[in-house]
Amino acid sequence: MNNVINAFFMTYAALFPIINPPGAALIFLNVTRSCEPEVRRKLALRVAASGFLLLICAIFTGSYILAFFGISLSALRLAGGLVITMMGWRLLNGDDNFNDKEPARRDSQNGEMDLAFYPLTLPLTFGPGSIAVAMALGGREPNHLNGLGSAVSQDMGVIAGIGAICLTVYLAYRYAGGLKRVLGRNGGNVLLRLAAFILLCIGVQIVWQGMAGLIQTLPR
């Protein structure tokens, strides 16, 4: 039980600052500003569910998928970091056309739901940073038979931690409108720019980590 609890808190604590649900909620609200409240609630649930599946896949199959395609974790960080950096820069500079679509799609619930996976789930909420953390949490093997039970209990704790962070994301996104009403228009804009700047910094940091990892692999 101690292994489960420790793994739970370790997973939650590692993912929370990277995902930053409160800050991401304001970005979510900005991207979905043309959506009806009911559609926004469905998007919040779908983002949380998609993120849970994405992180679970990263834990158990992520390293194998990257190896199959010959992609290093550093390359994943570099590519994903560039995408996050561009989106953070775009939001920071107040691109109000970020969510523009053709009129037919703008008035269509199905069209709005197309936002659920890209860009809302990947990379705005569950980007390469959280994927890399999930892969690191799942990247160990038991060295002996007695460690098998410990590994299983740790997996249970990690899965529970991922479920908890995804629930936090859902609640933050679900009630993002209420947060904006409390903050007011000016306060919401200030925190949105701050969240966008943090997103930009996270993207730059991930790019730097990816570049550093690739540089280390160069022949000397």
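Read-outs: derived from the displayed coordinates by stated rules, not from any lab. Source: prediction; values computed, not measured. Positions of Cβ are generated from backbone atoms using ideal geometry, with glycine treated the same way; all protein chains shown enter the neighbour counts.
A few comments on the model shown:
- Packing order of peptides 191-198, 208-215, highest average first: 191-198, 208-215 (average count of other Cβ atoms within 10 Å over each peptide's residues).
- Phi to ³J(HN,Hα) by Karplus 6.51 cos²θ - 1.76 cosθ + 1.60 over segment 81-86, Hz, x for Gly, Pro: x, 5, 5, 5, 4, 5
- Segment 1-57: Rg to Rh, with Rh as the Kirkwood radius over Cα pairs: 1.09
- For the chain, the longest principal axis of the Cα atoms and the long axis of helix 37-60 meet at an angle of about 20 degrees.
- Size of charge dipole - segment 2-216 - debye, nearest 20, with Cβ of Lys, Arg +1 and Asp, Glu -1, no other charges: 440
- Helix-derived mean residue ellipticity, 222 nm - over the chain, DSSP H n ≥ 4, -39500 (n - 2.57), to 500: -26000 deg cm²/dmol
- Principal semi-axes in Å for the chain [√(5λ), Cα gyration tensor, largest first]: 32, 21, 16
- Unit charges at the beta carbon, dipole of segment 2-216: most positive-side option, Ile215, Gly188, Gly62: Gly188
- The chain - percent relative contact order, Cα under 8 Å, separation 6 or more: 49
- Comparing Tyr173, Tyr12, Tyr118 in a Gaussian network model of the chain (Cα springs below 10 Å), the most mobile by mean-square fluctuation is Tyr118.
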